[in-house]
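**Q** Mind looking over this structure? Questions follow.
The values are calculated or read from the model by the stated rules, or taken from the named source; none is laboratory data. Note that the structure is predicted; figures quoted are calculated from it, not measured. Ideal geometry is used to build each Cβ from the backbone, glycine not excepted, and the neighbour counts take in all protein chains shown.
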Amino acid sequence: MHFPDSRPRRPITQALRDSVLEDLPELAQIGHQQLRERCIEAWAYALAESAFERISDLPGEANPGMFRLKRGNQAAHLRGVTRIALAIADDFAGEFPEADIDRDLVIAGGLLHDVGKCWEFDPANRARWTGDPSQTGSPSLRHPVYGAHICLTVGLPEEIAHIALGHSYEGEHLIRSLECLIVQRADHLWWSIAGGCGLLTPENDAILAGRKITPRALRG
């Protein structure tokens, strides 16, 4: 039986918070101060209870062992998804000013949608789950579920917890908010284009083929 709170937890220091902003500079674009600060706190909290020192230490993978970047880390994915999501939101807002899209929620959701990966990718957790999946499952909680837990724990609004939960398969069981829909589409597009550009390792080429995507050779 594993009690998560029995594991030693690093203190949340200002240096840890600063590293979050260094790895995700788009956080500075969030206009709502409390939302911005709690987004930083969410990542700091998630990192502090994991083996990862900072966001850029997390491997660039969609799920453990699935869609692994040949080069780049999780920060590259988070920032890329956020930029794509913002481009979608800004394009619609520019063309259709009557469209009501919360830009702050799009930025925060894009940068926080994978905050649960600190839990799902943590080496100690992976070793425990793969050692005997009959005990707690493998994983016990996927990153969307744990990400929603992190968001609510640090006091982020439910709209952000909803994006963390709803951006992946778990979202198929609920109605996604508009901002969640934008982030979800941006996330899936990012991995698909990464695959098409030949930026992913070849273990999952069969999955790409099932999606009618053929990796292009990289520039020499």
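**Q** Which residue is surrounded by the most Cβ atoms within 10 Å (Cβ to Cβ), if the candidates are limited to region 65-91 and must be among the basic types (Lys, Arg) and closer than 15 Å to residue 195 by Cβ?
**A** Once the filter is applied, the top-ranked residue is 68.
**Q** Still on this structure: Got a number for residues in region 170-220 being touching a strand residue (DSSP E or B) at 6+ places or on another chain (Cβ under 9 Å), within 16 Å of residue 81 (Cβ to Cβ) and β-branched (Val, Ile, Thr)?
**A** 0
**Q** Still on this structure, please answer the following. Return the total of residues in region 104-119 being within 15 Å of residue 61 (Cα to Cα) and more than 8 Å from the chain's Cα centre (by Cα).
**A** Result for region 104-119: 2.
**Q** Scan 162, 173 and give me the residue that is within 14 Å of the chain's Cα centre (by Cα) and closer than 30 Å to residue 3 by Cα.
**A** After applying the criteria, what remains is 162.
**Q** What number of residues in region 127-139 are outside any helix (DSSP H, G or I) and touching a residue at least 12 places away in the same chain (Cβ under 8 Å)? Before the answer, list the steps.
**A** Initially, region 127-139 is screened for residues outside any helix (DSSP H, G or I), giving 132, 137-139.
Imposing the further condition that a residue be touching a residue at least 12 places away in the same chain (Cβ under 8 Å) reduces the set to 139.
So the count comes out to 1.
**Q** Can I ask one more? Look through region 116-125, keep the residues that are surrounded by 22 or more Cβ atoms within 10 Å (Cβ to Cβ), assigned to a helix (DSSP H, G or I) and not hydrophobic (A, V, I, L, M, F, W, C), and return whichever of them is modelled with the lowest pLDDT.
**A** Checking each candidate, the answer is 125.
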